[in-house]
Amino acid sequence: MKFLRHNGAFVALVVVCIVGVARYESFLTVENLSNILRQNSMLGVVALGMTFVILGGGIDLSVGALVAVAGVAAAMLAPHNALLGVLGGILVASLLGVINGLLITKARIQPFITTLAMLIAARAAALAVTHEQSVNISGDGLGWLGRGIAPVVLLLILYAGGWTVLRHTRFGRYVYAVGNDEDVARLMGLRTDRIVIGTYALSGGLAGVAGVMLAARLGAGLPVAATGWELDAIASVVVGGTLLTGGEGGVWRTLVGVLLLGVIFNLFNLDGTISPWWQWVLRGSFLLVVVVVQSHIRPATLPS
Amino acid sequence: MADVAPPSLLRLEGITRRFGAVTALDRVDVSFRRGEVHALVGENGAGKSTLVKIMTGAYRRDDGEMFLDGAAVNFQTPAEAQAAGICAVHQEVHLLGMRTVAENLFLGREPLRWGLVDWRTMMHDARVLLDDLGLDIDPAATLSHISVARQQMVAIARGVSLGASLLVLDEPTSSLAEREVVILFDLIARLRARGTSIVYISHRLDEIYTVCDRVTVLRDGKLVATRSLDGLERIDLICLMLGKSREALRLGATAFGGRHAAAANVEPLLRARSIAFAPRLRDVSLDVQKGEIVGVAGLLGSGRSETAQVLFGTAKSTAGSMFMNGAPYAPGSPRDAMRAGIGFVSEDRKADGIIPELSVRENLTLAALPLFTKFGIVSRVRQMAIVDRYMSRLGIRASSADQNIRELSGGNQQKVLLARWLCTDPELLILDEPTRGIDIGARGEIQRLVNELAESGLGVLMISSELEELVEGCSRVVVLRDGRTVAELQGDGVSEHAIVHAMAETAL
């Protein structure tokens, strides 16, 4: 029971994989598995940043739009210098993340509203700057970032880094503290505003990394890229077992959540008989079931 | 022992604090000695919490001086007070429930190794710290998984490890079981032996006499006295808290007409036997007859308001039994209580009583709305008839029934609340501090009104901290102490003297 409580998503992932192996011959092939990983690597990077925000008691709805902004920025800068494109894309998204954090902490606007406004404004800005056209990346300085094993390796490196930060740095510990109870954390002497701003900056920056990866993979910066990713990222974090109210969870759980949703999507594709709309209905139902099951086997917060 | 006072650790001189027109603290002088456990007591509004907040940097003072180790100090924030060694541990533990004990102890100053948190050292240091204080707590345990008492000890240990030389414990035992209290007292003794000063705020006299060396009594924002507890009789301490001189526990002058003869041995309207609601209410029994005013007396924290909550169904009794008109009564909600014929005018008019945005008419008829509502539609005609009747009967002074209740005086607001319940035609009315915060004139009117209501057959249970009001208004007074009925006074036995003695639990 205790194992299930902490690893419910992992058990579900194993079960889904067993179903996949049993029913679909093409599931357990190098090609299919590496496809799953590569297709979900960008979303995984976004979900990593989301994990920090949610652990700190917030929510970030702007990440999908920031992926698009970063991709467009990278594509526009890349012709000058590939590295400039990479750094520029990440930097722009990070700055927008910092603005989210400042509005939430200093102007005291709710995270939901702040990041919803950022979603709308950032997406619109990406469309306006590009005149609704995709920006092709001339030359091939960035292409490697989105191809082969590079995205997967990058994903794993970033998750290892995220784990280290959460587990072993003061900032990471303070993210948990703020998500547990921001007022108490402040009374205990933490500078909570800085920590909250840090989580949104990180979320923005990682959305920027994902945006650059996506642009490199597509060979273009698309202003309409990553629409709805914020919801997929939140779903992955929550399915993985991080509390939506903050204070408890971790990055590996999120990775399991990303893979779980990714494998299910893959199985639907392999099956090929379920219409896309019913796939979405099933995915939504599945999300609900996993979260309900998890919240029921979770111990009460205050056992007597 | 020669009467040479040991040097004081923290000395407060002439501390004054105003909130608007209200003076919460008026030139209070106190000094806390090194290594003493110093009780701070007083009834509601005495100024205890304001004083503590000034000491710990949560509030600023308007006037006065503070000296720590002889040097003038002026804390702007709790962090500054903490850095100077003054630390408060509150009733609700201000710690992180999802984190481990060790993390809570070292939050903000985690040991680092190459820039990363050194968990091994942190666990080790936490264990040493806890062992040192004689606390058997696993530093790796999640805080919310240990008992509230232990959480409180962790908060104290954190204060100690932050270098606190003066710890303020604000009602530390209010949510503890008795055996946990023992552990806490043990810790307090240890800290005192180490030279830590402790300011101990509590309503429980037993505890104060068990752990404290001296006591400071505040009343209405003023210092009453600081005394050594050695040789101070309980009855004298209570007299200090209530502002009575022991010799002059006498009849006061209220508008209650006098005594009601206790009704004969008929089936009481309300009978409560050994009701309990943890942690404050342990064993309370009382009867109310028709046409009788029964008083409930007790110090703050004795379980007075909790009794009302259980009777009115906002808290569920965990033991004992209750009967209304002889029938078993176990309300699950105020709605059940209203159906059984009980009305309740709460202690805090502003928070629980009036709805400030609404008119006199709407406030008055709130509880009785179902009576003149058909198919969800409120009959305005019947509503107005009732409002007119009660406004004239109770002498509610408002420009019209549609005046906003917020604009009325406290006394008139209270009358509206009384009317609210009277128009539901109750058999029993529970009044919690019916005259608190009401000016003298209106106070008399309300007392007269309650008297008239009882004479017309209504049973009244009146909770009050005004001893005169109880003595002159009630035919019987039930005295509570630490959540238990400790005395039931009747007829000529009802006197301030007897009530105070029952509160102190000393023989007459």
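Bear in mind that the values in this text are calculations on the coordinates, not laboratory data. Just so we're clear, the structure is a prediction, and the values are computed from it rather than from any experiment. All Cβ positions, glycine included, derive from the backbone under ideal geometry; neighbour counts span all protein chains shown.
General remarks:
- Using the Karplus relation 6.51 cos²θ - 1.76 cosθ + 1.60 with θ = phi - 60°, the per-residue 3J(HN,Hα) values for region A:236-242 come to 4, 4, 6, 4, x, x, 7 Hz, with x marking Gly and Pro.
- Sequence-distant aspartates and glutamates (8 or more away, or on other chains) whose Cα lies within less than 16 Å of residue A:106: A:182, A:183, A:193
- Förster radius 35 Å - calculated FRET efficiency between residue A:292 and residue B:397, Cβ distance, rounded to 0.05: 0.05
- With respect to chain B, whose longest principal axis is taken over its alpha-carbon atoms, helix B:148-161 is tilted by about 40°.
- Residues whose placed amide H lies under 5 Å from that of residue B:463, excluding near-sequence neighbours: B:296, B:431, B:432, B:433
- For the residues of B:100-107, the average number of beta carbons from a partner chain within 10 Å of their own beta carbon is 2.
- Among B:384, B:391, sorting on how many other beta-carbon atoms sit within 10 Å of each Cβ, with the fewest leading, yields B:384, B:391.
- Computed from phi, the 3J(HN,Hα) profile of region B:297-307 under the Karplus parametrisation 6.51, -1.76, 1.60 (θ = phi - 60°) reads 10, x, 6, 3, x, 7, x, 4, 5, 5, 4 Hz, with x in place of Gly and Pro.
- Look at B:59, B:200, A:200, B:209 and count the other Cβ atoms within 10 Å of each Cβ; fewest to most, that gives B:209, B:59, B:200, A:200.
- Only Lys, Arg (+1) and Asp, Glu (-1) charged, at Cβ; region A:1-121 dipole about Cα centre in debye: 380 debye
- Lysine pairs within chain B, Cα separation less than 22 Å, 8 or more sequence positions apart or different chains: 7
- Placing +1 on each Lys and Arg Cβ and -1 on each Asp and Glu Cβ, with no other charges, gives chain B a dipole about its Cα centre of roughly 940 debye.
- Chain A, relative contact order in percent, only Cα pairs under 8 angstrom and at least six apart counted: 35 percent
- Our summary gives region A:192-286 a relative contact order of 16 percent, counting only alpha carbon pairs under 8 angstrom and 6 or more residues apart.
- For residue A:15 and residue A:124, the FRET efficiency from 1/(1 + (r/R0)^6), where r spans their Cβ atoms and R0 equals 45 Å, is about 0.60.
- Positive-pole candidate from A:34, A:176, A:236, dipole of chain A, charges at beta carbon: A:176
- Considering only the protein assembly as shown, percent of DSSP beta bridges that pair antiparallel, nearest 5: 55 percent
- Toward the positive end of the charge dipole of the protein assembly as shown, with +1 on the Cβ of Lys and Arg and -1 on the Cβ of Asp and Glu, the farthest Cα among B:303, B:378, A:71 is that of A:71.
- Measuring nothing but how far apart in sequence close Cα pairs (under 8 Å, 6+ apart) lie, relative to its length, region B:8-242 scores a relative contact order of 29 percent.
- Efficiency of FRET between residue B:21 and residue A:194 - r from beta-carbon atoms, R0 41 angstrom, step 0.05: 0.55
- Whole-Hz ³J(HN,Hα) from phi, Karplus 6.51 cos²θ - 1.76 cosθ + 1.60, for region B:71-79, glycine and proline x: 9, 5, 10, 8, 6, 9, 9, x, 4
- Choice from A:62, A:203, A:285 showing the highest fluctuation, given a GNM over chain A with Cα pairs closer than 10 Å: A:285
- With each label modelled as a point 7 angstrom along the Cα→C-beta vector, the residue A:278-residue B:190 pair spans 6.6 nm.
- Shielding value for A:160-172 is 2, the average number of Cβ atoms from other chains within 10 Å of each residue's Cβ.
- Fewest-first ranking of A:273, B:77, B:226, B:100, using other Cβ atoms within 10 Å as the exposure measure: A:273, B:77, B:226, B:100
- Spatially, region B:182-206 and region B:304-329 are offset by 35 Å when compared through their Cα centroids.
- Placing unit charges on the Cβ atoms only, positive for Lys and Arg and negative for Asp and Glu, gives the protein assembly as shown a dipole magnitude near 1400 debye about its Cα centre.
- Residues of region B:318-349 with amide N under 16 Å of a point placed 7 Å along Cα→Cβ from residue B:488: B:320-326
- Within region B:404-424: backbone nitrogen closer than 11 Å to the residue B:439 label point (7 Å, Cα to C-beta): B:409-412
- Highest average packing first - A:45-57, B:306-318, Cβ atoms within 10 Å: A:45-57, B:306-318
- Region A:28-58 residues near the modelled residue A:152 label - backbone nitrogen below 17 Å, point 7 Å along Cα→Cβ: A:28-45
- Of B:128, B:67, B:144, farthest towards positive along the dipole that unit charges on Lys, Arg, Asp, Glu beta carbons give region B:8-242: B:67
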